[in-house]
Amino acid sequence: MSDCLFCKIVAGDIPSTKVYEDETVLAFRDIAPQAPTHILVIPKAHIASVACIAPENSAVVAHIFEVIAKIAAQEGLDGGYRVVSNCGADAGQTVHHLHFHILGGRQLNLEMA
Ligand code: AMP
């Protein structure tokens, strides 16, 4: 998608601080970290949000969760971490390319909403 910020990051048109990359997945540090460790994990192919996960594209989501476990270990998040995906306006999704936030490195607030 030519007007998608994260597609531009995948293409290398916008710089990012990469922490992991393979054929189908990219992970990079969030530009406005909400925790000492705040990483975004995205599929390279454009999927707008969790609402658009379907049998044709869901394999990458399983792979993303394998990658998340690997990154958390690499980052030393031994005390735990949170994985969040905001979906749609009510959840505050601002970038409409599926992404999973990894948040950790401090005791996180317990509120879910
Ligand atoms: P969400 O609000 O769940 O859609 O999350 C979008 C996230 O993307 C926010 O946490 C932003 O700080 C982050 N973000 C926006 N632009 C960039 C960028 N150029 N590089 C890294 N993270 C970004």
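The values are calculated or read from the model by the stated rules, or taken from the named source; none is laboratory data. This one's a predicted model, so the numbers in the text were calculated from it and none came from an experiment. Virtual Cβ from ideal backbone geometry, glycine too; neighbours counted across all protein chains shown.
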So, in the stretch 2-30, of the ones that are β-branched (Val, Ile, Thr) and surrounded by 11 or more Cβ atoms within 10 Å (Cβ to Cβ), which residue ends up farthest from the ligand (Cβ to nearest atom)? Thr24
Say whether the condition of being touching a helix residue (DSSP H, G or I) at 6+ places or on another chain (Cβ under 8 Å) and modelled with pLDDT of 95 or more is met by at least one residue in the stretch 29-38. no
Considering residues of the stretch 31-52 that are aliphatic (A, V, I, L, M) and farther than 25 Å from Gly80 by Cβ only, the residue surrounded by the most Cβ atoms within 10 Å (Cβ to Cβ): Ile47
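Residue-by-condition table, conditions (1) of a type in the set (Val, Ile, Thr); (2) over 22 Å from Lys8 (Cβ atoms); (3) within 13 Å of the chain's Cα centre (by Cα); (4) within 16 Å of the ligand (Cβ to nearest atom):
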site: Ile39; (1), (2), (3), (4): yes, no, yes, yes
site: Lys44; (1), (2), (3), (4): no, no, yes, yes
site: Val50; (1), (2), (3), (4): yes, no, yes, yes
site: Asp78; (1), (2), (3), (4): no, yes, no, no
site: Ser85; (1), (2), (3), (4): no, no, yes, yes
site: Ala91; (1), (2), (3), (4): no, yes, no, yes
site: Val95; (1), (2), (3), (4): yes, no, yes, yes
